[in-house]
Amino acid sequence: MEAGLKPGVGSVASVFVSRWDGAVMGKVPEALRNQLGIAIAGRTYKAARALLSSPRWQRIYSSGAWPQRLLWASTGTKDPQASDVLYIKALAGSFYRKHYA
């Protein structure tokens, strides 16, 4: 901004959800199977919300900066026994906001 450049630059942060579970498949108890990706996405979402509500970010936003958007990538399950919409259901709508907002 000091150099006269516009601060409004669009970008995304991609979170590859199913890859977390793929990395620990067979290494976690059955009760935790296919849950790490959802947990990581939840923590990432909370951290992003905290950052965007901070006074520091609000000053930058007021100057014209755009927030980086989260992109939930790799949302197809790697586990053939899991629902193909496991991550979508967990990360979408009121359920997600209830647990992670």
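Here the alpha carbons of the chain define both size measures, Rg and Dmax, at 16.8, 55 Å.
In a simple Cβ point-charge model (Lys, Arg +1; Asp, Glu -1; nothing else charged), the chain has a dipole of about 300 debye relative to its Cα centre. Within a straight-line Cα-Cα reach of under 14 Å, Lys27 can be paired with the following aspartates and glutamates, leaving aside sequence neighbours fewer than 8 residues apart in one chain: Asp79.
Tally Lys and Arg at +1 and Asp and Glu at -1 over the other residues with C-beta under 12 Å from the C-beta of Gly76: what net charge comes out? Neighbourhood net charge equals -1. For Trp20, the shell of other residues with beta-carbons less than 15 Å away shows a net charge of +3, using +1 for Lys and Arg and -1 for Asp and Glu.
Spatially, segment 56-86 and segment 1-48 are offset by 7 Å when compared through their Cα centroids. Mean separation of Cα pairs under 8 Å and 6 or more residues apart, divided by the residue count, gives the chain a relative contact order of 41 percent. Taking Leu70, Leu91, Leu32 as the candidate residues, the one with maximal mean-square fluctuation in a Gaussian network model of the chain, Cα springs under 10 Å, is Leu32.
Computed from the coordinates by the stated procedures, all read-outs in this text should not be read as laboratory data. Only a predicted model underlies this, so the values are computations on that prediction, with no experimental measurement involved. Heads up, the Cβs are rebuilt from the backbone with ideal geometry, glycines too, and the neighbour counts pull from every protein chain shown.
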